[in-house]
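Novice: Would you mind keeping the following structure in view while I ask a few things?
The values are calculated or read from the model by the stated rules, or taken from the named source; none is laboratory data. In this text the structure is predicted, and so the values were computed from the model without any measurement. Cβ: placed from backbone, ideal geometry, glycine included. Neighbour counts: every protein chain shown. Heads up: the accessible areas ignore ligands, DNA and RNA and are worked out on the full protein's heavy atoms, side chains in. Shrake-Rupley method; radii C 1.70, N 1.55, O 1.52, S 1.80 Å.
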Amino acid sequence: MKKYLFFIALQLCGLSSFAQDNKKEQGEIWLDINGVRDLTADSLEIANQARPVPGSSRKGNNPVLFLVGNSTMRTGTRGNGDNGQWGWGFYAHEYFDESKITVENQALGGTSPRTFYNTLWAPIRDAIKPGDYVFLELGHNDNGPIDSIRARSSYRPDGKLSIKNDSVSIFNKVTKQQETVYTFGDYTRMFINDVRAKGGVPVLFTLTPRNAYEEDGKTIQRKLSDFTPAIFAIGKEMCVPVIDLNDISAKKLEAYGPWKTDYHFYLDKIHSSAFGAMMNARSAAEGVAASNDPQLVRIKSFMNGNVVPKRCDQNRKEGLPMVFLCGDSTGKNADKELDGMWGWGSQGYTVFDEKKCVFQNQAKAGRSTRTYLEEGRWEEVYNSLMPGDVVLIQFGHNDIGGIDKDKERGVIACKEDSSHVYHMKSNGKNKVIYSFGWYIKKMIKDAQEKGAIPIVLSFTPRNEWHEGKGNVKGEFYPVEEKVGKQYIERRNDRYIPLWDKQVAEECGVEFVDVHNITADALDKLGKEKAAAYFNHDHTHTSLKGAQLNAKSCAKGLKAIKSPAAKLLK
């Protein structure tokens, strides 16, 4: 088998992002994003190693949900994210109870209704049993001359997308054989009729939106709108449920704005990142759950609770804003034994007035900005936010470390927006990792999107001390130094505290320098007395230390005259 190599440009700090063209023509060979020619024996061999054998996931007599689509469902031939792109079919199973139904992603990048039906459909059709479901989302690649070297467009008798019952005979340059090419409508009808002949239930989906705005800079372009009415027309004609995936996801992107929309795609304006794939999978599930079509009643009973966004504001009190703390073990630890380790979020009630707000400690030990997002913890906060809420963002202790090894929680070490595809050693999967500054910016912009007030906090100081001049001068809180005296270590001119401040300034949000406020207090106490404010090691605080950091946060909010200071005691 002839192999092709695909190189992904490193997107590192200080370098401009580089994206390779999604498709490259080499003579008469078109290569997909993984460097493999579409729908040849070579690429199909690779695809069939990545795609499940149709029906192989079936558990007993349970139904199977077959996903049929193109690269927006499974990006590239392998569909393994090694190019930073993911299709929504990878995440679709998360919305179904797999003890009742299994989900098989049979999609393949580069396919059109014509090429999928002619090349990949037969074994899927043969595997369908009564009661199975087939989700169809095809059309992104239904373009170009029907007799080109790609040979994937449907027949357009009047030059436009057609749902007429019509066809034309051509010589296929790929198969080197004569072929009857049908209209988009006829290929869709073929899928529908085949599914129903086997006792299955077909469901049509409009196409995922692209990263393209109208001139107003707010409205996502509906340039694929010719497919939407065509799909709805066929659905009405054939009495098939239609889920308007294009509209559901486009409305979300419009609410996000351009910066957030951009990172829902990767390398180009069509293919989604993991963020975009997860969004489209949720949109698809939400569309099914909201449908009133009686043909979907049964599959809706197979869905799990994930279609309802998870929240963390169960303690919300009517009329009061909530203050969320997002961070690591310095914010939330064991918080039980008097002589144990405590995070300052446990002491939030000592500085925030419970008559004015509800303090919610959403920090979690061991988390970095990256893992806080990956585990869905930030999503719960985001889903809970309401206008007037406050979000305290404090990370850093766990962000500089192994990215694709060790605890796999490290991030790219800089404040600039940056990303790169890494191959995780723990599970062999590919993942796009972003910079520390990017993760902080995401949380800031997400909070602003919901009308909440994001406030960036520098991380707490560590119980590490140094003697002599030149150890403590920083950008924010320079102190008078005395030769021979020990001062707690400050990290103002490097890494996290500096990036926190810079990102906050760039985003126009408030910054509270807890790092230096607490360090000032510990310097006054001296090294020996300060030891009582830590527990177990140089990072984690005792109950006294947690209370000090809570006071430092309050002191900082008052010093900058933050609106959040009004919520303090």
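Novice: Residue under question is Asp399, and the condition is that it be under 16 Å from the mean Cα position of the chain (by Cα), of a type in the set (D, E, K, R) and under 17 Å from Leu498 (Cβ atoms); does it hold?
Specialist: So Asp399 fails the test.
Novice: Out of all the residues in the range 283-328, which are in contact with a Lys or Arg (Cβ under 9 Å, 6 or more places away or on another chain) and aromatic (Phe, Trp, Tyr)?
Specialist: If the condition is that a residue be in contact with a Lys or Arg (Cβ under 9 Å, 6 or more places away or on another chain) and aromatic (Phe, Trp, Tyr), then Phe302 is the only one that fits.
Novice: Within the range 513-536, can you find the residues that are aliphatic (A, V, I, L, M), touching a residue at least 60 places away in the same chain (Cβ under 8 Å) and open to solvent by less than 40 Å² (accessible area, probe 1.4 Å)?
Specialist: Correct list: Val514, Leu522, Ala530.
Novice: Continuing with this model, one more query. With the requirement that a residue be under 14 Å from Asn383 (Cα atoms), surrounded by 19 or more Cβ atoms within 10 Å (Cβ to Cβ) and more than 18 Å from the chain's Cα centre (by Cα), what does the range 440-465 give you?
Specialist: Ala452
Novice: Could you pull out the residue among Ala233, Ala255 that is in a helix (DSSP H, G or I), surrounded by fewer than 15 Cβ atoms within 10 Å (Cβ to Cβ) and under 22 Å from the mean Cα position of the chain (by Cα)?
Specialist: Just a single option satisfies the conditions, and that option is Ala255.
Novice: Hey, could you check the range 156-182 for residues that are under 15 Å from Ala230 (Cβ atoms) and among the small types (Gly, Ala, Ser) and say which is surrounded by the most Cβ atoms within 10 Å (Cβ to Cβ)?
Specialist: Filtering the range 156-182 for residues that are under 15 Å from Ala230 (Cβ atoms) and among the small types (Gly, Ala, Ser), the one surrounded by the most Cβ atoms within 10 Å (Cβ to Cβ) comes out as Ser162.
Novice: Something else now. Would you mind finding the one in Val288, Val297, Val240 that is under 29 Å from Asp186 (Cα atoms) and surrounded by fewer than 21 Cβ atoms within 10 Å (Cβ to Cβ)?
Specialist: Val297
Novice: Look at Asp493 and say whether it is assigned to a loop (DSSP other than H, G, I, E, B), modelled with pLDDT under 95 and open to solvent by 10 Å² or more (accessible area, probe 1.4 Å).
Specialist: yes
Novice: Let me ask something else. Check whether at least one residue in the range 249-270 is in contact (Cβ under 8 Å) with a residue 60 or more places away in the chain, under 25 Å from Asn80 (Cβ atoms) and small (Gly, Ala, Ser), and report yes or no.
Specialist: There is no residue in the range 249-270 that is in contact (Cβ under 8 Å) with a residue 60 or more places away in the chain, under 25 Å from Asn80 (Cβ atoms) and small (Gly, Ala, Ser).
Novice: I'd like to know if the range 552-563 contains one or more residues that are part of a loop (DSSP other than H, G, I, E, B), open to solvent by 10 Å² or more (accessible area, probe 1.4 Å), at pLDDT 95 or above and not polar (S, T, N, Q).
Specialist: The answer is yes; a qualifying residue exists.
Novice: Inside the range 537-551, can you point out the residues that are within 24 Å of Ala504 (Cβ to Cβ) and open to solvent by less than 70 Å² (accessible area, probe 1.4 Å)?
Specialist: Those that are within 24 Å of Ala504 (Cβ to Cβ) and open to solvent by less than 70 Å² (accessible area, probe 1.4 Å): Thr539, Thr541, Ala546, Leu548, Asn549, Ala550.
Novice: Is one or more of the residues making up the range 192-207 within 18 Å of Phe116 (Cβ to Cβ), under 36 Å from the mean Cα position of the chain (by Cα), among the hydrophobic types (A, V, I, L, M, F, W, C) and assigned to a loop (DSSP other than H, G, I, E, B)?
Specialist: Scanning the range 192-207 turns up at least one residue that is within 18 Å of Phe116 (Cβ to Cβ), under 36 Å from the mean Cα position of the chain (by Cα), among the hydrophobic types (A, V, I, L, M, F, W, C) and assigned to a loop (DSSP other than H, G, I, E, B).
Novice: Consider Thr539 against the criteria (1) of a type outside the set (Gly, Ala, Ser); (2) closer than 18 Å to Phe359 by Cα; (3) out of contact with any strand residue (DSSP E or B) (no Cβ under 7 Å at 6 or more places or on another chain); (4) in contact (Cβ under 8 Å) with a residue 40 or more places away in the chain: it satisfies all of them except one. Which criterion is unmet?
Specialist: Result: Thr539 fails condition (2) only.
Novice: Is the range 272-281 home to any residue that is assigned to a loop (DSSP other than H, G, I, E, B), touching a residue at least 12 places away in the same chain (Cβ under 8 Å), open to solvent by less than 60 Å² (accessible area, probe 1.4 Å) and under 20 Å from Ala107 (Cα atoms)?
Specialist: Yes, the range 272-281 has at least one match.
Novice: Further, regarding this structure: Within the range 308-327, which residues are surrounded by fewer than 23 Cβ atoms within 10 Å (Cβ to Cβ) and of a type in the set (Gly, Ala, Ser)?
Specialist: Selection gives Gly319 alone.
Novice: Quick one: in the range 204-219, which of the residues that are at pLDDT below 95 and of a type in the set (Ser, Thr, Tyr) is surrounded by the most Cβ atoms within 10 Å (Cβ to Cβ)?
Specialist: Ranking the qualifying residues of the range 204-219, first place goes to Tyr213.
Novice: Continuing with the same structure: List pairs: first residue in the range 183-203 and crowded, with 18+ Cβ neighbours inside 10 Å, second residue hydrophobic (A, V, I, L, M, F, W, C) and assigned to a helix (DSSP H, G or I) anywhere in the structure, Cβ distance under 6 angstrom, at least six positions apart or on different chains.
Specialist: As it stands, the answer is Gly185/Ile234; Thr188/Ile234; Ile192/Met238; Pro202/Ile192; Pro202/Val195, since those pairs meet every condition given.
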